[in-house]
Amino acid sequence: MARDGDINQPTREFPEYPTSESLHDRAEPPVGPEPGAPPPPAGSPARGLLWVLGVAALAVVVLLGVQATNLLPDFRNPFAKEQTDRSQPPLLKSIRDLSRYVAAEGNFQVVVDVQKDRRNVPDFLLNERTLFVGAGRVEAYVDFAKIGDGAVVASEDGKSVEIKLPAPQLGETDLDMDKSYVFEEQRGLINRLNDLVAGDPNRQQQIYKLAEDRITSAARDSGMAARAEENTRKMLEGLLRSLGYEKVTVTYTAP
């Protein structure tokens, strides 16, 4: 038990608790310039910033000058996209001399709407419908290579001439894929699954062939052959009359 004189004295096990005054006394003195030291020069951070900016501007000017004079190789992006062309040179298969006079040309557009489905099967399961807009051209020409002997008969006085030509023909339909397009396509669930497993690469070719057949049929009914006959006749009449013939007769043989 502590004595009366020792009541206000701290025990050995519990030291005296520091007060606010003692903590203030223990605090470090504020950092400041030592007495008698010269003050820092005014504006020193601004001067340093200007110096850094000047060095950066000089570096940019040097880099631009080096790049302009091509003293260093170009620095390329290591992940840049590159394209390599390994195509073989074209191979000439054949050359054919043409003796066709193209007398007329027709441009056609056809809408092909084809649907394939199954009876008593819902369309959302099994259905295939394609709406294709096809654009193509057909030429009507006269083949001068088929002109036989005796096809050109001139009069003795050289004032008239008679020419027999083969009948005009229609060339193959040239389907313009840049102007042709699929307007709409509907396919059932089973058709789509079949495309994922084993698609039909000839499916579009069938549509193209159907469009070509429609255009060819339209060209036959358009009167292009008759226009080709008339245009060829006018061309030959103008050519032969410039050679001195006064009368030019052009006839066509049966196709």
(message) Quick query: amide H of Tyr252 versus all other amide H atoms, modeled in the peptide plane; which residues come in under 5 Å with a sequence gap of 5 or more or a different chain?
(response) Leu165
(request) Describe numerically, in nm with one decimal, the distance between label points set 7 Å from Cα along Cα→Cβ at Ser160 and at Arg100. (result) 3.4 nm
(message) Students often get this wrong, so check it: of Lys179/Lys209; Lys81/Lys179; Lys164/Lys234, which have C-alpha atoms separated by over 22 Å?
(response) Lys81/Lys179
(message) At 7 Å along Cα-to-Cβ for each site, give me the label-to-label distance between Ser222 and Val55 in nm.
(response) 7.8 nm
(request) Based on the mean of other Cβ atoms within 10 Å per residue, sort peptides 151-160, 220-229 so the most packed one is first. (result) 220-229, 151-160
(request) Excluding Gly171 itself, calculate the net charge of residues whose Cβ lies under 11 Å from the Cβ of Gly171, where each Lys or Arg counts +1 and each Asp or Glu counts -1. (result) -3
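Read-outs throughout are calculated quantities, based only on the coordinates presented, and are distinct from any laboratory measurement. What you see is a predicted model; the values in this text were computed from it and never measured. For neighbour counting, all protein chains shown are included, and Cβ atoms are generated from backbone atoms with ideal geometry for every residue, glycine included.
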